Amino acid sequence: MTASRGIVIGGGAFAGLALALALRQGLGRDVPVIVADPAFATRPSRDPRATAIVAACRRLFEALEVWPQVAESAQPIVDMVVTDSQLEDVTRPVFLTFAGPVVPGEPFAHMVENRHLIDALMQRAEAEGIDLRATAVTAYDTRPEAIAVTLGDGVVIDAALLVAADGARSKLRERAGIPTYGWDYDQSGIVVTVGHEREHNGCAEEHFLPAGPFAILPLTGKRSSLVWTESRTEAARIAALPEREFHQELERRFGLRLGELKALDQPRAFPLGYFVARDFIAPRLALVGDAAHVIHPIAGQGLNLGLKDVAALAECVVDAARLGVDFGQFNVLERYQRWRRFDTMAMGVATNSLNLLFSNQSQLLRSVRDIGLGLVDRLPPLKELFIRQAAGLTGEVPRLLKGEAL
Ligand SMILES: Cc1cc2nc3c(=O)[nH]c(=O)nc-3n(C[C@H](O)[C@H](O)[C@H](O)COP(=O)(O)OP(=O)(O)OC[C@H]3O[C@@H](n4cnc5c(N)ncnc54)[C@H](O)[C@@H]3O)c2cc1C
């Protein structure tokens, strides 16, 4: 048993910081938790993106006492419409709507701007006295009873567990020799914040256009965040257009329902891909968040999956520590892996199928999917199941995702 040995987390963005807070809550101050990330030197964050945080993950932030700091700048999604049309169609017929809360008084998701969320996580971690180091994890050596983690400043920490929360291009995953399965979509998501004349009333819109989904996600005030999928080359062309031409492309897709539009920041294109790590664990190492999986943003679930990893791993570690068991040992990590791999694969397959089904020009497929959407819309129990699934409230839900403290 290695009670004095702590946990090092490589990567201090959403997954890494949320995990540090969950571990601190469940383990107390006697077990050191160290988070290393060179990006700490560049906070506050300037990330222009926004993320749909589903109900279960909002409950996690509530349990970690982070939510009060972002609540004011979070926009509840109270309604969602899905359309399927060609780019030049004059109207975009609505095939599916999701209105109303997932449970009374609780919207199924909130839109949160990434910079607000990161800054709130940082502040909370500092208040909890978590050891934050503005440097990378550069190497590690595993022994049966511990893992020696080397940081960019040369410091070596003897830990019971190392967590890789270092994002899609995880060097820690690579160093463990864990391969990934997946592919590039040859699509990019153009992300831009748009101001509009009229209120969105908390309504999110997903327009399935032949190049891919065009999502309008409500932010506070008369603003929305767009995730606009195009082929890689077309996305790069559109994102680099001068303001006037960009505005024309935007209006062709967005329409004028919300009045005059204005891009409020510089559009940026993010390449989209899908991959899942073959293993989520190695000796004394666990992967969480994008280090373990990356999915298409079509259903806004990437970070939500990562936060489910965080909740499950924290619960496995804390349960083991309370039994006096070495929480870095294989059985503990194996419980985490069993818990998370199936859900991740299922979500990966679902988002991948949605993207294949919707990002194309085929009239036949269009008829098939429109019948499917229409059916879901007319079957309340099925629709409710989809909403609960999207909100992260189905399956074996970890305690933090129910809003319970660890
Ligand atoms: C266009 C787009 C829209 C999206 N919309 C949504 C949405 O609506 N809902 C949703 O749930 N998800 C969404 N996602 C997915 C979401 O953005 C990611 O899942 C999320 O950012 C992953 O967080 P993370 O903490 O795992 O990794 P990251 O945010 O990638 O952070 C990794 C961190 O690790 C650090 N790091 C790297 N190497 C090292 C090292 N060696 N040592 C220490 N630190 C290191 C980096 O500096 C970084 O801070 C979207 C993604 C895209 C591209």
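The values are calculated or read from the model by the stated rules, or taken from the named source; none is laboratory data. Since the model is a prediction, treat every value here as computed from it, not as a measurement. Positions of Cβ are generated from backbone atoms using ideal geometry, with glycine treated the same way; all protein chains shown enter the neighbour counts.
Name every residue in region 149-177 that is surrounded by fewer than 22 Cβ atoms within 10 Å (Cβ to Cβ) and more than 15 Å from the ligand (Cβ to nearest atom), in order of residue number.
ASP158, GLY177
Please work out which residue is surrounded by the fewest Cβ atoms within 10 Å (Cβ to Cβ), limiting yourself to region 34-69 and to residues that are of a type in the set (A, V, I, L, M) and within 16 Å of THR135 (Cβ to Cβ).
Filtering region 34-69 for residues that are of a type in the set (A, V, I, L, M) and within 16 Å of THR135 (Cβ to Cβ), the one surrounded by the fewest Cβ atoms within 10 Å (Cβ to Cβ) comes out as ALA41.
Take LEU287 and decide whether it is in contact with a helix residue (DSSP H, G or I) (Cβ under 9 Å, 6 or more places away or on another chain), over 22 Å from ALA109 (Cβ atoms) and of a type in the set (A, V, I, L, M).
Numbers: in contact with a helix residue (DSSP H, G or I) (Cβ under 9 Å, 6 or more places away or on another chain): yes; over 22 Å from ALA109 (Cβ atoms): yes; of a type in the set (A, V, I, L, M): yes.
Taking the combined requirement at face value, the residue satisfies it.
Which residue is farthest from PHE108 (Cα to Cα), if the candidates are limited to region 206-260 and must be touching a residue at least 24 places away in the same chain (Cβ under 8 Å) and of a type in the set (Ser, Thr, Tyr)?
Of everything passing the filter in region 206-260, SER231 is farthest from PHE108 (Cα to Cα).
Hey, among the residues in region 389-402 that are surrounded by fewer than 17 Cβ atoms within 10 Å (Cβ to Cβ) and of a type outside the set (Val, Ile, Thr), which one's modelled with the highest pLDDT?
So, considering only residues that are surrounded by fewer than 17 Cβ atoms within 10 Å (Cβ to Cβ) and of a type outside the set (Val, Ile, Thr), the one modelled with the highest pLDDT is LYS402.
Name the residues in region 105-133 that are more than 10 Å from the ligand (Cβ to nearest atom) and outside any helix (DSSP H, G or I), would you?
Residues satisfying the conditions are GLY105, GLU106, PRO107, PHE108, HIS110, GLU113, GLU128, GLY129, ILE130, ASP131, LEU132.
Just checking, does region 104-116 include any residue being aliphatic (A, V, I, L, M) and surrounded by fewer than 22 Cβ atoms within 10 Å (Cβ to Cβ)?
no
Let's see how each residue does on (1) over 24 Å from the mean Cα position of the chain (by Cα); (2) more than 30 Å from ILE9 (Cβ to Cβ):
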| site | (1), (2) |
| --- | --- |
| HIS200 | no, yes |
| GLU206 | no, yes |
| GLU251 | yes, yes |
| TYR274 | no, no |
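When you scan region 371-386, do you find a residue that is in contact with an Asp or Glu (Cβ under 8 Å, 6 or more places away or on another chain) and either part of a loop (DSSP other than H, G, I, E, B) or at pLDDT 70 or above (or both), even just one?
Our first condition is that a residue be in contact with an Asp or Glu (Cβ under 8 Å, 6 or more places away or on another chain); within region 371-386, this holds for 373, 383.
With either part of a loop (DSSP other than H, G, I, E, B) or at pLDDT 70 or above (or both) added as a condition, the list becomes none.
The answer is no, given that none of the residues of region 371-386 is in contact with an Asp or Glu (Cβ under 8 Å, 6 or more places away or on another chain) and either part of a loop (DSSP other than H, G, I, E, B) or at pLDDT 70 or above (or both).
Look through region 134-148, keep the residues that are part of a strand (DSSP E or B) and near the ligand (Cβ under 10 Å from one of its atoms), and return whichever of them is surrounded by the most Cβ atoms within 10 Å (Cβ to Cβ).
That would be VAL137.
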